[in-house]
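Notes to accompany the following structure.
The values are calculated or read from the model by the stated rules, or taken from the named source; none is laboratory data. Worth saying up front: this structure is predicted, and the values here are computed from it rather than measured. Heads up, the Cβs are rebuilt from the backbone with ideal geometry, glycines too, and the neighbour counts pull from every protein chain shown. Accessible surface is based on the protein model in full, side chains and every heavy atom, while ligands, DNA and RNA are left aside. Shrake-Rupley method; radii C 1.70, N 1.55, O 1.52, S 1.80 Å.
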Amino acid sequence: MNRLAARPGEWIDRSQRIAFSFEGHAHHGYQGDTLTSALIASGVRTLGRSFKYHRPRGALSVANHDANAIVQIRRAGRSIPNQRADLLPIAEGLEAFAVNTQGGLARDRRRHLDRLSAYLPVGFYYKAFHSKRLFPYWERLFRNLTGLGAVDLDAPRVVTPKRHEFADVAVIGAGPAGLAAAVAAADAGAEVVLVDENPRIGGSATYALASETASAQRVADLIGSVTSHPRIRRFVTTVATGLYADHLLALVTQDRLLKLRAGSVIIAQGAFEQPAVFRNNDLPGVMLASGAQRLMHRYAVAPASRVGILGANVHAYRAALDARAAGIEVSVLLDLRERPGPQSLPLAETLRAQGVRVLNGTGVYAAHRGGSGDIDSIELAEWREGAWRRSSANAIAVDGLWMSVGFAPADALLRQAGAVVQYDARACQFVPGVLPPGLFACGKVNGVFDLDARVADGQRAGTAAALHCGFESRSCFGVGAPDQETATHPYPIVEHPEGMNFVDFDEDLQLKDFANAVQEGFDNAELLKRFTTVGMGLSQGKHSNANALRVLAQLRGMPLDSIAQTTARPMFQSVPMSHLAGRGFSPERRTPVDADHESLGAVWMPAGNWRRPAYYRRDRLTREESIAAEVRALRGGIGLIDVGTLGKIEAHGSQAGEFLDRVYTGHFGSLKVGMTRYGLMLDESGVIVDDGVIARLAPEVFYFTTTTGNSAALFRELVRLATWWRMPVSLVNLTGHFAAFNLAGPRSREALARLTSLALDDAAFPYLGVREAKIANVPARLLRVGFVGELGYEIHVPSGSAAEVWNAIRTAGADFGITLIGVEAQRMLRLEKAHIIVGQDTDGLTNPFEIGADWAVKMDKPFFIGQRSLAIIAKNAPRQQLVGFALEPGRYAGIRECHLVIRDGDIAGRVTSVGQSPTLGRTIGLALVTPAAARDATLSIRIDGGAQVAAPIVPLPFYDPAGARQRIDSGGARS
Amino acid sequence: MFTRHERLKSAYDVVIIGAGGHGLAAAYYLARDHGMTDVAVLDQSYIGGGNTGRNTTIIRSNYLTPDGVKFYDESVRLWRDLSQDFDLNLFYSTRGHFTLAHTDSAMRTMRWRAEVNKHFGVQSEAVDAKTVAEAIPMMDLSCGGHGPPVLGALYHAPGAIARHDAVAWGYGRGADRRGVEIHQETQLLGVELEDHGSGPAVVGVRTNRGRIATRKLLCAVAGSTPGVLAMVGLRSPIHIHPLQAMVSEPLKPWLDPIIVSGSLHIYVSQSARGELVMGASLDPYELHSTRSTLDFAESLSAHLLELFPFLSDVRIVRQWAGMADMTPDFAPIMGKTPVQGFYLDSGWGTWGFKATPVCGKTMSYTVANDQDHPLIRGFAFDRFAHYALTGEKGAASVGH
């Protein structure tokens, strides 16, 4: 209906007709159309309802940030909220609906909110509905009124891979300045990436220069140079949304996030055209002149048939000429300026010669809506006695009004990266001052609007950016002439007693809202933003911040350069979470014999990044029974535990022992080769953070284990400490390189003897010894440990040979009834022996003295981490103490870990570990309690439901206090 | 709402540094409860411009230590009446708060917190996965097969959110009406101390707008604490770490409760405007800056989609950061200090917002009476020298 005849350079493909629907009505457009362009072509101008008052709104900028044209779409069975109609390409079968309506766009049942607006002033919600009784009802209403689109709770996860890119020079924005910058940098030898959000390069030249033949040709030549340049890559339909430290650019395309690291960055993103403020400046049909030009030149769409133009620069005149050329009647051109500039004057003459009324010193006092709800006439304002006043002239009939009264720089990325901007009174906009190293700006962001000057500015920036990366240019570029005319009006704002003169369309903020806010003391930019929510809508202030600052400066009677802007933060344009998330890698580590566990009935549990068998399923046995069977099997014969998830680290060097002396509480420099020792690691405040077994393999080689969950972080920290202390220690993380199995139980020595020639008797391989020997012909490290309280060997072998060794051990142990042991049984075995688990039997404040580990702490060393704190702690009365408790045999009282110990009505501690000991036939547990509670005969433990259970305190360990199980001779191991 | 005072007076009974929620709350209660109105609140920037305006507004009292639980429970009690106190709607919205547990050790911690909470009469329950699924049916408890599934949660019914800026405005307006002067864009340059044999004592402050004589100085400046401490010659074990957050575009309401997952390092709630307000754990390094990073937005999105895959197409609008003043035991530092007349309200790390009312109450008492309020005795400055720490790490680290 409003589609113009085919024109050169249009972005649509008329051979591909596409059917879609909007609000349930069928429409069609062409390949290349956005939803906005296709709808306006079909005669639909009301695209959405506003956020607060539900006023009908149409297109404003057609530049990918029209926050009032937001739709919910259905595509391929998915419902997707909050799509921008001016960005969304139409597709066959697309169904789109305006968001934020009740009962559809036309009949929105909330449209009456518009008439209630007098009762809904800025911040009204802070001042009402806050009695405790009524707030929940009001809140429910409020939440349903806000919120734009609805999320589809059944939508699937979208997985979008990411890409990494590198460039010497990244140029953001492919308008004339960016094109010139890219060519200059590439000519100097730099590899250049040129980024633009539009599908074609050229920037404003693709719509704003139709009436300027020579300029258009100049840009076409530049586009040709860029396209043919071997060192320029063009990333189109790509939005630069964030500029982070060290020139990391977040680039967003339709289907992925691109992370571009550049040597230097040039911001040539141009400027956003800004609306004028007058009554009803939001009616459908009122739009930015650049938006109308985009519709005409890119999509061949006429957004009006009889238009008024409100201008304050040469661009308004060019838009009028474009309208005429497209067959659109121009009813009037209103120029806010009393004296148009030298570029405007000849164009004004041309227009007048064509019969167009051109009025100077004239603005719009109010727009009026017709029966359709769209604009149908404008009432004029005149500049008299220093203010805009209602004109006595008759209203002028129009069906469209295009505004070109000024621009705001698209400097968000510059400011994100730390550029300081200052107000340039000549250009009436903020421009960057000193830029951080490697960051450059050119074109309209610098307040430069004339084509020649923009190109010159781009060449300058391109040359400088290349030089920053070490590419010297042989070319010498001149400086462009200053703009002949200022593009931006300093105060394009007309007051009206009845308001509805919108400063922020996203958030429905009127001029008076700002006066009210400042009156209340919200009188700097940040407070104003937070109270009014100006700039917090979907377009993030792209069309409102500039005018809001002007209004604030006016209200406070201060010059604009003394008003600080709000902080620029990512994202410049919003980004789907799927793009940020990418494919979402979540590594899970598996030991080399993982598949065996699975086939042997493992029930898995997470352990750090690993998975470990919690226990192995047994026929006709419950979980608890299965675990108990594992415990009994190990105590009575042999058990095999996959402990390959432990952190495994090697320390090499002449000072390796001294290094370990500093990070662990015990003596390791004096540890004999061939022996191991338990180690506790503390933080600086003396709190236990990890434990492990340290083995000395050679005078300058230590091999030690850490807890599973801490291993990666701990290794990083140890490397940091070695570097910080400048110690000649090499640390090697062998966690994944080695598998480890704990073969334990009274018959373990006999089984092991079948696999090795190593002498295993107590004299040759004592408790806490370490040996390197072949097991099943595989070189292995054997540590004689006692975590589960039986004769036992940790067998560490290279991961590649782990399966062989595992199978050999299982075969050798078969005659002795070897049984696989899971984590749950291991926990019970160590509990019977009262060996602690760091993080379970300790908390965020537990020091070694509190768990009875004084023996592991050597205060006589010159230094270890936490020593200074322990020296102070040792002088204080102890805060808590680890004690053991046991119920009478056969009694089960429902005690669970973290149940509280209660003494005289107060919390006196908590249960840290508890379980039914299969070996002892009773409930046993550990508790961290106050010293007073520890002196009692029984603990009073509060269980679920609040009842208290008396649990007698018993000495630790519960099992084998004399350590006899380690002294069992081979062959005599019968329990 | 606020009066703009053109010049500073030459002396005030009390000077408060920091016009965030804490500083303004202290001023409000000094004026309202202690009759002290000759008070100046100074801020180098603007009202609520620090962590008050940057936090993710979660209010809860499901802490781990008795000191913490009692303190935050009093805070929640104050919160509930604040809107009516102020005659200003703070959008205090009780939503319920789920701290998800993905491992059996996390479940143990949840039970511990629940037991301690219940002991002090605070509503908290360790609940199983089935209960979580019934309460938040749209959540993928399997986490999309990435990482450990949700085994259960700590459910804290009083968990709430509020409009953070309005809290500062409400306290500011209340203080302003009672005669307190709020001076924005007023920077502290130095603190003047005198020592007459009984140790250093505050006698005045220097600012970019002139000198002020005062004998009581309250410091409530979060990330700027180390700088102010240096001015009075004190050292603390506070380290500054950035804490980042981000927000989505507005959506129709679908998420009522506040969701926290320590294993996935995320938390999320839906604001009254419909935005998803999201955060993660602290950046692991010390940094005195409020810059944002891309990897934060990336990893937070990845983890959030594990729980809520249907948010794939939902867009992130904005990210930001604050400077968190972290203590070794994840509990604050409050009260008197070795410098006479210098009172500290700091170490609030990532959990200061929810404590705003009770901090104002207790600090105003402490300043007015030159005596630590009983509720803050576990948070004393000198506890680090004596190793009498208050270990809140288990409850404070990701939950904020």
Between A:Arg726 and A:Ala128, what length in nm is gained on full extension when 0.36 nm per residue of separation is reduced by their alpha carbon distance? 208.9 nm
Carbon and sulfur together cover what percent of the accessible area of chain B at a 1.4 Å probe radius? 49
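On average, how much accessible surface per residue is there in chain A, in Å², for a 1.4 Å probe, leaving out ligands, DNA and RNA?
Numbers: 36760 Å² over 975 residues.
Normalised by residue count, the accessible surface of chain A is 38 Å².
Which of the trypsin sites (Lys or Arg not before Pro) found in region A:449-512 are loop residues per DSSP with 14 or fewer other Cβ atoms within 10 Å of their Cβ?
On the way: sites: A:Arg454, A:Arg460, A:Arg474, A:Lys512; in loops: A:Arg474.
The qualifying sites are A:Arg474.
Can you give the FRET efficiency for A:Glu625 and B:Ala230, using 1/(1 + (r/R0)^6), R0 = 51 Å, r = Cβ-Cβ distance, to the nearest 0.05?
Numbers: r = 63 Å, r/R0 = 1.24.
Plugging the Cβ-Cβ distance into 1/(1 + (r/R0)^6) gives 0.20.
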Probe 1.4 Å, all chains present, heavy atoms only: A:Ile907 accessible area in Å², nearest 10, is 50
The distance between the Cα centres of region A:369-388 and region A:645-662, in whole Å, is 81
Reduction of at least 20 Å² in accessible surface, 1.4 Å probe, comparing all protein chains with the chain by itself, residues of region A:680-702: A:Ser685
In degrees, nearest 10, the alpha-carbon axis of helix A:135-145 is tilted away from the dominant principal axis of the alpha carbons of chain A by 60
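When ligands, DNA and RNA are left out and all protein chains stay put, how many square angstrom of accessible area per residue does region B:125-259 have with a 1.4 Å probe? Working shown, then result.
Details: 4870 Å² over 135 residues.
On a per-residue basis, region B:125-259 sits at 36 Å².
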Cα-centre dipole for region A:307-357 with unit charges at Cβ (Lys and Arg positive, Asp and Glu negative), debye to 20: 60
Step by step: find N for region A:301-375, compute 2.2 N^0.38 Å, then divide the Cα radius of gyration by it. What's the final number? 1.10
Please give the Cα centre distance for region A:574-638 versus region B:101-166, rounded to the nearest Å. 23
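Note down the relative contact order for chain B as a percent, whole number, built from C-alpha pairs under 8 angstrom at least six residues apart.
Working: 958 pairs, mean separation 95.3, N = 400.
Reported relative contact order: 24 percent.
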In whole Å, how far is the Cα centre of region A:121-197 from that of region A:777-840? 54
Using the alpha-carbon atoms, what tilt in degrees (0 to 90, nearest 10) does helix B:356-369 show relative to the longest principal axis of chain B? 20
Among beta bridges that DSSP assigns inside the protein assembly as shown, antiparallel share in %, nearest 5: 75
How large is the convex hull of the Cα atoms of region A:788-922 per residue, expressed in Å³ as a whole number? 180
Roughly how many debye, to the nearest 20, is the charge dipole of region A:43-138 about its Cα centre, given +1 on each Lys and Arg Cβ, -1 on each Asp and Glu Cβ, and no other charges? 520
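Just the Kirkwood number for chain B, please: inverse of mean 1/r across all distinct Cα pairs, in Å, one decimal. Mind showing how you got there, number by number?
Values: mean 1/r = 0.0467 Å⁻¹.
The Cα-based Kirkwood calculation yields 21.4 Å.
When you look at the Cβ of every residue in A:561-572, what mean number of other chain Cβ atoms sits within 10 Å? Present the calculation step by step, with values, prior to reporting the outcome.
Values: counts 0, 0, 0, 3, 0, 0, 3, 0, 9, 12, 9, 1.
Across A:561-572, the average partner-chain Cβ count within 10 Å equals 3.
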Ignoring ligands, DNA and RNA, please state the percent of accessible area on chain A from carbon and sulfur, probe 1.4 Å. 51
Acute angle (nearest 10 degrees) that the helix A:213-228 long axis makes with the longest principal axis of chain A, alpha-carbon atoms: 30
Could you tell me which of A:Tyr137, A:Ala180, A:Ala167 has its Cα farthest along the dipole of region A:132-240 towards the positive end, charges placed at Cβ (Lys, Arg +1; Asp, Glu -1), taken about the Cα centre? A:Tyr137
quick shape note, region A:265-316: Cα extents on principal axes in Å, largest first -> 42, 28, 20
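Rounded to the nearest 20 Debye, what is the dipole magnitude of region A:669-727 about its Cα centre when Lys and Arg each give +1 and Asp and Glu each give -1 at the C-beta? It would help to have the intermediate numbers written out before the result.
Numbers: 6 positive and 6 negative charges, 52 e Å.
Dipole about the Cα centre, nearest 20: 260 debye.
Roughly how big is the A-B contact, given as buried accessible area in Å² (both sides, 1.4 Å probe, nearest 100)?
Numbers: alone 40650 and 16170 Å², together 48970 Å².
Protein heavy atoms only, the A-B interface buries about 7900 Å².
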Note on the protein assembly as shown: C-alpha Rg/Rh, Kirkwood Rh, two decimals, gives 1.02
List the longest stretch of chain B that has no exposed loop site; here a site is one of the chymotrypsin sites (Phe, Trp or Tyr not before Pro) assigned by DSSP to anything other than H, G, I, E or B, with at most 16 other Cβ within 10 Å. B:121-284
Taking GluC sites (Glu not before Pro) as candidate sites, keep only those in a DSSP loop with at most 16 other Cβ atoms within 10 Å, then name the longest stretch of chain B containing none of them. B:7-184
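Pulled fully out, how much extra length does the chain show between A:Ile872 and A:Glu349, if you take 0.36 nm times their separation in residues and subtract their Cα-Cα distance? Spell out each step's value before the answer.
Details: separation 523, 0.36 × 523 = 188.28 nm, distance 8.98 nm.
Gain in length upon complete extension: 179.3 nm.
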Which of the trypsin sites (Lys or Arg not before Pro) across region A:750-848 are loop residues per DSSP, with 15 or fewer other Cβ within 10 Å? A:Arg754
Using a Förster distance of 56 Å, the FRET efficiency for A:Ala118-A:Val420 (Cβ separation, nearest 0.05): 0.85
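Just tell me the longest site-free run in chain A, where the sites are chymotrypsin sites (Phe, Trp or Tyr not before Pro) in a DSSP loop having at most 11 other beta-carbon atoms within 10 Å. Don't jump to the answer; show the numbers that get you there.
Numbers: sites that count: A:Phe585, A:Phe863, A:Tyr892.
For chymotrypsin sites (Phe, Trp or Tyr not before Pro) (loop position, at most 11 other Cβ atoms within 10 Å), the longest site-free span of chain A is A:1-584.
Show me the GluC sites (Glu not before Pro) within region A:306-379 that DSSP assigns to loop and that have at most 10 other Cβ atoms within 10 Å of their Cβ. Display every interim value, and only then the final one.
Numbers: sites: A:Glu329, A:Glu338, A:Glu349, A:Glu379; in loops: A:Glu338.
Filter output for region A:306-379: A:Glu338.
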Sorted by chain and then number, the residues having a modelled amide H within less than 5 Å of the amide H of A:Gly400, at least 5 places away or on another chain, are A:Arg306, A:Gly308
Which Cα, out of A:Gly637, A:Phe668, A:Leu621, lies furthest along the positive dipole direction of region A:580-686 (beta carbon charges, K/R +1, D/E -1)? A:Leu621
Which one, B:Ile16, B:Trp79, B:Phe308, is farthest towards the positive end of the dipole of chain B when Lys and Arg carry +1 and Asp and Glu -1 on their Cβ? B:Ile16
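Taking the Cβ of B:Leu189 as the centre, find all other residues whose Cβ is under 15 Å away and add up their charges (Lys, Arg: +1; Asp, Glu: -1). Please list the in-between numbers first.
Working: positive: B:Arg206, B:Arg209, B:Arg211; negative: B:Asp43, B:Glu185, B:Glu192.
Result for the neighbourhood of B:Leu189: 0.
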Which percentage, to the nearest 5, of the DSSP beta bridges contained in chain B is antiparallel? 70
